[in-house]
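What follows is calculated from the coordinates using simple rules that are stated; it is not laboratory data. Please read these numbers as outputs of a predicted model, since none were measured by experiment. Cβ sites come from the backbone with ideal geometry, for glycine too, and all protein chains shown count toward neighbours.
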């Protein structure tokens, strides 16, 4: 069995974009023929993961994608953006698509943090990096959607900030299975670790064995 390597005293859970624009069967994404069934399928496991993080006293952060219809930076592109290529935009400001799906909204607690974002990565020009540093976070557990885009860009940005990245296989999803598996393969090869939700408890260190507690024990000697 793999030795535990996740230190709960310096680890946070990040849940990416579990919003109606990416998960609701009435969303623009669904009506564009891209699909949202895979994203809805992981909801029970994501909620189990959130419960596990709370049990291990890890901070929980939720990202919320909001696209601005009047975003002039997209119009100046000479090569079409991903939104132009798809001919639809999810989670437009002031629409119901920006809302978290009902099950997720019910699971968010007052002590959790919500990070609003306007690009794929949750790190890009948001307060996420600052919040993680304030909590002393060195490891991030990743969940949410969509695997090949918002999830993958966040994974890369976390890795580039010298954080350990742990992706929970059954708690990330996207509409294209081939792209989903490709991202997970790249994580295993380059950016971090991929574990199942059932495997995850076994790789979280008991609190009495964490770096913080070891340092406190040493200081008392």
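Region 20-49 and region 107-171 have Cα centres separated by 19 Å. Based on DSSP H segments of at least four residues, each scored -39500 (n - 2.57), the chain has a per-residue ellipticity at 222 nm of -8500 deg cm²/dmol.
Relative to the longest principal axis of the Cα atoms of the chain, the long axis of helix 177-186 lies at roughly 40 degrees. Taking Cα atoms only, the orientation of helix 43-55 departs from the longest principal axis of the chain by about 30 degrees. Taking R0 as 25 Å, what's the FRET efficiency between residue 131 and residue 48 from their Cβ-Cβ distance, rounded to 0.05? About 0.55, to the nearest 0.05.
Taking Cα atoms only, the orientation of helix 211-220 departs from the longest principal axis of the chain by about 30 degrees. Summarising the strand pairing of region 8-220, around 5 percent of its internal DSSP beta bridges are antiparallel. Extent along the principal axes, Cα only, for the chain: 63, 36, 31 Å, with the longest axis given first.
With 0.36 nm allotted per residue and the present C-alpha distance subtracted, the residue 75-residue 207 stretch has 42.5 nm of extension available. Approximating the spin labels as points 7 Å out from Cα along Cα→Cβ, the residue 119-to-residue 186 distance works out to 1.6 nm.
Each of residue 111 and residue 93 was given a label point 7 Å from its Cα along the Cα-to-Cβ line. The distance between the two points is 3.3 nm. The overall shape of region 71-135 is oblate: from the C-alpha gyration tensor, with semi-axes ordered a ≥ b ≥ c, the ratio a/c is 1.5 or greater and a/b is no larger than b/c.
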